[in-house]
1. Find the residue count for region 26-82, including only residues that are without any contact (Cβ under 8 Å) to a residue 24 or more places away in the chain, part of a strand (DSSP E or B) and within 30 Å of Glu16 (Cβ to Cβ).
2. Residues in region 19-34: is at least one more than 11 Å from the ligand (Cβ to nearest atom), surrounded by fewer than 19 Cβ atoms within 10 Å (Cβ to Cβ) and of a type in the set (Gly, Ala, Ser)?
3. For region 87-100, name all the residues that are surrounded by fewer than 16 Cβ atoms within 10 Å (Cβ to Cβ) and either closer than 17 Å to Arg68 by Cβ or in contact with a helix residue (DSSP H, G or I) (Cβ under 6 Å, 6 or more places away or on another chain) (or both).
4. Answer yes if at least one residue in region 179-189 is touching a His at 6+ places or on another chain (Cβ under 9 Å) and either on the phi > 0 side of the Ramachandran plot or part of a strand (DSSP E or B) (or both), and no otherwise.
5. Looking only at region 105-136, how many residues end up being of a type in the set (Phe, Trp, Tyr) and modelled with pLDDT under 95?
6. I need a count of the residues in region 5-18 that are buried (at least 17 other Cβ atoms within 10 Å of the Cβ) and either among the β-branched types (Val, Ile, Thr) or more than 9 Å from the ligand (Cβ to nearest atom) (or both).
7. For the condition closer than 16 Å to Thr121 by Cα and either modelled with pLDDT of 95 or more or acidic (Asp, Glu) (or both), what is the one hit in Ala89, Ala47?
8. Pairs under 6 Å by beta carbon, first residue in contact (Cβ under 8 Å) with a residue 12 or more places away in the chain and within 21 Å of Asn43 (Cβ to Cβ) in region 109-138, partner assigned to a loop (DSSP other than H, G, I, E, B) and more than 12 Å from the ligand (Cβ to nearest atom), six or more apart or different chains?
Amino acid sequence: GSTPPIVIIVAALLPELGIGYQGKLPWRLSKEIKYFRDVTTGNKRNAVVMGRNTWNSIPNKFRPLKGRLNVVLSRTFQNELVTPELYHANSFDSAIDWISKDKAHEIERIFVIGGGELYNTVINDSRTLHLLITEIKNNLGEEVPMDTFLKFPIYQQHQQLEWKKMDEDKLKKFVGEDIEISQNNIEGDYTYDFTLWERT
Ligand SMILES: COc1ccc(Oc2cccc3nc(N)nc(N)c23)cc1
């Protein structure tokens, strides 16, 4: 069957595009987590694809992420449906192939949810057409400890940009009208905006 749209969803600290420190998110932004849960859950069944380290750092009681087909990638996995909510795959391609063939689950969207290694591979996959990036800024301009960064070629001015940031109307249409989109959100030391980027 045809492959459902592949969407990267990530929250990153500008300008370096930091996303983590020692396997954890450096911030706790409650409205942002609600946005992540609501967008990836959606109204029809979606898949969330993640690397093994990301899966292992989700507390047991919160995994699999509920209401979504969880797909975990590891080079040492056999390709197998472990439970109706959990698929193991040994590559991104074999995961996409299985999801595309799997009629039982009619997946609407495939969300890539981390971590860094998977993000930096999937951004270069021509099948990835949408990025949902929560752009975070630190209000105090202080250094936030980070050790994982997005290598996304989208903020460079000089090169012919293949990625374009869409306006808020397109973001609202993409995530669905029942998702509350507020901008310039302030929580603790951070201010953040929800953005949608499309490959031209
Ligand atoms: C440690 O496991 C996980 C780490 C990160 C993760 O993804 C997210 C968690 C919380 C909020 C998130 N927000 C956005 N915009 N994107 C993600 N991928 C998020 C999901 C699981």
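The values are calculated or read from the model by the stated rules, or taken from the named source; none is laboratory data. Worth saying up front: this structure is predicted, and the values here are computed from it rather than measured. Quick reminder, even Gly has a Cβ in these numbers, built from the backbone with ideal geometry, and neighbours come from all protein chains shown.
1. 2
2. No, that holds for no residue.
3. If the condition is that a residue be surrounded by fewer than 16 Cβ atoms within 10 Å (Cβ to Cβ) and either closer than 17 Å to Arg68 by Cβ or in contact with a helix residue (DSSP H, G or I) (Cβ under 6 Å, 6 or more places away or on another chain) (or both), then Ser100 is the only one that fits.
4. Scanning region 179-189 turns up no residue that is touching a His at 6+ places or on another chain (Cβ under 9 Å) and either on the phi > 0 side of the Ramachandran plot or part of a strand (DSSP E or B) (or both).
5. 0
6. Kept after step one, since they are buried (at least 17 other Cβ atoms within 10 Å of the Cβ), are these residues of region 5-18: 6-13, 17-18.
Next, only the ones that are either among the β-branched types (Val, Ile, Thr) or more than 9 Å from the ligand (Cβ to nearest atom) (or both) stay: 6-10, 13, 17-18.
Matching residues across region 5-18 total 8.
7. From the options Ala89, Ala47, the qualifying one is Ala89.
8. Hits for this filter: Arg109/Pro4; Arg109/Pro5; Ile110/Pro4.
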